[in-house]
Amino acid sequence: MGRRCLLLILIGILLSSGCGRGQESQIDHVKDKMKIGIMLSDVGLGDQSFSDSAFKGLVRARDELGILFDYREIKDTKTYEKGLTELVKQGNDVIVGLGFMVQEDLEKVAKKYPKQQFVLIDAVSNLQNVSSITFKADQGSYLAGVVAALTTKSNVLGFIGGDDVPTIQQFSEGFQKGAKVVKPNITIIEKYAGNFGDDKLGSQITKQMIAQKADVIYAAAGFTGVGMLKEAQKEKVLAIGVDTDQYFYAEKAVVTSMLKHVDVALFEIAAQLTKKGVVTKKQQELGIDENGVGLAPIRVVSLTKEQEDRLKKEKEKLTNGNY
């Protein structure tokens, strides 16, 4: 009887040891994975634009590359600095700051943690431990302007920016240039909302532009721009989305969207991290040639063969650097 008890005890010890090793192996496996933390832009998830695109890229990196990721939103942390600091203390290999508005706080945190690797998206930092990724939004917006000029009937266009800052001005400048290369005398109404998260404000500005005869409107304004899309559909004018393919938010109005492939940029960061253990490129500027920007499919309207050829010609100019 004593020997049986001893045997059972030994079996129990072996099973416990086996479980312990299994748990340790599982923990080590998790520890071996590369980890990315991201501080999302001001509106955060659900902006149907910038933050959602970034999140999509990280989900793809998780599924295809096996990285782990976590995120913070300003509505929870109150400041970007607090959210970024939390992500550092969490032990992430790379911390991403999404959007030009995060730059000041990201650089504060980067100076406190000089051995931590950071990535700033949509702005450029000169700090040694910060890599920067920007987009040639003027190139994609140029094509959006071409489409707008080809499809307008009133020869009046509208542009809504989330804020009057260089990053957003780049969208407007490209849009105006593309439109005017097709129709030099076209009228373009420009308005900066001062807010990326107010769809009602976007709707209100859109009404004002329609009253001024704008019949194709383009917005680089986050969730404020979604208000534009819905109002454009309600008033039966055309709209151009931004950052992601926004056709499904207003299927009777959205002709195309200027794609800013934040998801591609985030996936590339993850790929560099899994291969080298670090983000290898200090500064990247992504345009048409790098698949950083582009246009979603043309919908709602049918371009003539001549119009299609003109759009193709203008895109070729971009790839040749001659626009």
key: segment 266-323, residues that are farther than 23 Å from Phe118 by Cα and among the basic types (Lys, Arg)   = Arg299, Lys305, Arg310, Lys312, Lys313, Lys315, Lys317
ask   = What pairs can you find where one residue is in segment 155-169 and assigned by TED's automatic domain parsing to the domain that holds Phe196, the other is assigned to a strand (DSSP E or B) and of a type in the set (Asp, Glu), and their Cβ atoms are less than 7 Å apart, with a gap of 6+ or different chains?
value = Phe159/Glu190
ask   = Before we move on, is Thr187 surrounded by 20 or more Cβ atoms within 10 Å (Cβ to Cβ), of a type in the set (S, T, N, Q) and outside the structural domain of Asp42 (by TED's automatic domain parsing)?
value = no
Condition broken by Tyr142, with the remaining ones in (1) under 30 Å from Gly277 (Cα atoms); (2) aromatic (Phe, Trp, Tyr); (3) buried (at least 19 other Cβ atoms within 10 Å of the Cβ) satisfied = (1)
key: Residue that is surrounded by the most Cβ atoms within 10 Å (Cβ to Cβ), among those in segment 272-311 that are assigned to a helix (DSSP H, G or I) and at pLDDT below 95   = Leu273
message = I'd like to check something: does segment 267-278 contain any residue that is in contact (Cβ under 8 Å) with a residue 60 or more places away in the chain and more than 22 Å from the chain's Cα centre (by Cα)?
response = yes
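Would you pick out the residues in segment 177-233 that are at positive phi and out of contact with any strand residue (DSSP E or B) (no Cβ under 6 Å at 6 or more places or on another chain)?
Gly194, Gly222
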Residue check for Glu251: over 20 Å from Lys136 (Cβ atoms), among the charged types (D, E, K, R) and not in a helix (DSSP H, G or I) = yes
message = Looking at segment 229-246, I want the residues that are outside the structural domain of Ser53 (by TED's automatic domain parsing) and assigned to a strand (DSSP E or B) and have a partner that is among the aromatic types (Phe, Trp, Tyr) and buried (at least 18 other Cβ atoms within 10 Å of the Cβ) with Cβ atoms under 6 Å, at least 6 apart or on another chain. Which pairs are those?
response = Ile240/Tyr218; Asp243/Phe50
message = Condition (residue is under 30 Å from Ile298 (Cβ atoms) and either in the same structural domain as Lys282 (by TED's automatic domain parsing) or free of Cβ contacts under 8 Å to residues at least 40 places away in the same chain (or both)) applied to segment 103-115: is it met by at least one residue?
response = no
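The values are calculated or read from the model by the stated rules, or taken from the named source; none is laboratory data. Quick caveat, the model's predicted, so the values are computed rather than measured. Cβ: placed from backbone, ideal geometry, glycine included. Neighbour counts: every protein chain shown.
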